[in-house]
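The structure appears right after this line, and notes come after that.
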Amino acid sequence: MGDMIGAGEIVSAVSNVLVAGLQYRTTVVQTQSATEERRETQAQEREVRAHEEQLERLRGENLREEAEFNRRLAREEAEQRETARRDQRQEKVDLRHYPFYGLPGTIREDIELEYRDLSRKPVLALLTPDGHQEGTPWHGLRARVREDLGEYENRDLLRVRLTDRRFTWPHARLYAHDLKDLPTLVVETTHDLYRLHVRIGGCHLNGDREGTRIQASQRVYVLRFPPLSAWTPELVETLNRTASAREVFPLSVPTNADELLEINRELASRIVALCVVVAMDAFHLLHQPVYDEQFDRAAEATGLCDDNWPVDLGIPADVAKDPAYHLLHIAERHLGRGAARTAFDTVTEAIEVSRSAPLTDRHRDKARNLLGRLPESDRTRRLLARLDAPPRPTRALRPRAIDPPAVRPQQPGPGAHSPELHSRHVWDPTGDPLGTGGGGS
């Protein structure tokens, strides 16, 4: 029995040891598993905290950017409100000082009603008021000038508008709203009891050559009014003969200050009209072929113009739209000044120019009229025969087998050029004898 009890205890002890070992192993495994879970949990917590910290930083940056954006937006809105207030104030100032009482752009709209194609519109003349006219004997002079220019309006050569306020040219807002792309003259006058000053500027008058859209205002005429003793019956008769209302409102020789003022007003009106006509002629000479120049009749109407003005009106024939017709007008002025030989040479030059642009019937009629007023000679008869002869046919150029090498033009020898037609051209050793910009290599 004793041996059996001892053996049972041994088995029980071994069993207990095995159970304890299994329990320990289980506990170790559980402990390791719990440790791994804690590590994973801690790693996840750290990752979550890092993510939350990153989100917090991004949220802070977004808040700062939003605050900066709101501040910038507030500044821009404040600047826009201030700009709008300044624009409103400027608009009110502009309306008080704009050359016309209507809103900016009104004059252009009125012109577009009359001329849908603005490229065919005649030159526009704006007559500005003299700031010192109110309450003086000169008040209303512009209206008289407009009436003197009425015949050119009737022939669609000119349009005249009286501005409501005086302004300084160039005027940026007037150009932008009303005058852009419109050929315009801006006429300013100042005068007192003794002198008349005329200034003219404008825009789009010379075909915008070399980018010159705006022509600044500059003085074009100064007149000291004649005294009482200068108004002779012959001079007054000249004014009456050339006045459109000579039968209704004839002028008399002035005998007192009031009559002198009245006749000087008439003279001032015609002088201003003459300055406008000169500018009008220059514009049409640059743009219109076969243009009948109006200056001579306007100059005669002043009764005071002498021969101290250029016969070409400041427009050389080679830049005119129709050089031949302009030359015929120049010849007519030479003839009026008693220079018959120069007039003949100028008519000859007009016919020579026609080789590149054939003469029309109007060219031929005017040339015949001028030649008929010259002393009869073999030269005038030959020139008349050239006018009546049919145009010479253009010779066809022969095709060349090879192009010859480029050769610089040689200096012309005696007799190579007509001295009458080419006296103003000088030999240019650079290879461009006419100064046209071309030339040899």
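The values are calculated or read from the model by the stated rules, or taken from the named source; none is laboratory data. For clarity, every value in this text was computed on a predicted model and none was experimentally measured. Because the Cβ atoms are built from the backbone with ideal geometry, glycine has one as well, and the counts that use them run over all protein chains shown. What goes into the accessible areas is simple: the full protein's heavy atoms, side chains included, and nothing from ligands, DNA or RNA. Shrake-Rupley method; radii C 1.70, N 1.55, O 1.52, S 1.80 Å.
What to note about this one:
- Here each label is just a point 7 Å from Cα along the line to Cβ, and for residue 50 and residue 18 those points are 4.9 nm apart.
- J(HN,Hα) series, the range 151-165, from Karplus relation 6.51 cos²θ - 1.76 cosθ + 1.60, nearest Hz, glycine and proline x: 5, 6, 5, 4, 9, 6, 9, 7, 10, 10, 10, 9, 6, 7, 10
- Placed amide H near residue 125: partners under 5 Å, 5+ positions off or other chain: 159, 160, 161, 185
- On the basis of the beta-carbon distance and an R0 of 41 Å, residue 224 and residue 76 show a calculated FRET efficiency of 0.10.
- Residue 288-residue 364 FRET efficiency (beta carbon distance; Förster radius 25 Å; 0.05 resolution): 0.85
- Per-residue ³J(HN,Hα) for the range 326-339, Karplus 6.51 cos²θ - 1.76 cosθ + 1.60, θ = phi - 60°, Hz, x for Gly and Pro: 5, 4, 5, 5, 4, 4, 4, 6, 4, 5, x, 8, x, 9
- The range 259-353: trypsin sites (Lys or Arg not before Pro) in DSSP loop, at most 13 other beta carbons within 10 Å: 337
- The heavy atoms of residue 189 offer some 10 square angstrom of accessible surface to a 1.4 angstrom probe.
- The spacing between the range 1-74 and the range 155-200, judged by their C-alpha centroids, is 95 Å.
- The alpha-carbon of residue 92 sits under 24 angstrom from the alpha-carbons of these lysines, leaving out residues fewer than 8 places away in its chain: 180.
- Spacing of the modelled spin labels on residue 197 and residue 97, each 7 Å from Cα toward Cβ, amounts to 2.0 nm.
- Derived scalar couplings between HN and Hα for the range 54-64 equal 5, 4, 5, 5, 5, 5, x, 4, 4, 5, 5 Hz in order, rounded to whole Hz, by the Karplus curve 6.51 cos²θ - 1.76 cosθ + 1.60 (θ = phi - 60°), x for Gly and Pro.
- Accessible surface ranking for 366, 180, 1.4 angstrom probe, highest first: 180, 366.
- The local environment of residue 154, defined by Cβ-Cβ distances under 13 Å, has a net charge of -2 under the rule Lys, Arg +1 and Asp, Glu -1.
- A Cβ-based charge dipole, computed about the Cα centre of the range 338-388 with Lys and Arg at +1 and Asp and Glu at -1, lands at about 60 debye.
- In this label model, residue 112 and residue 65 are separated by 4.6 nm, measuring between points 7 Å along each Cα→Cβ vector.
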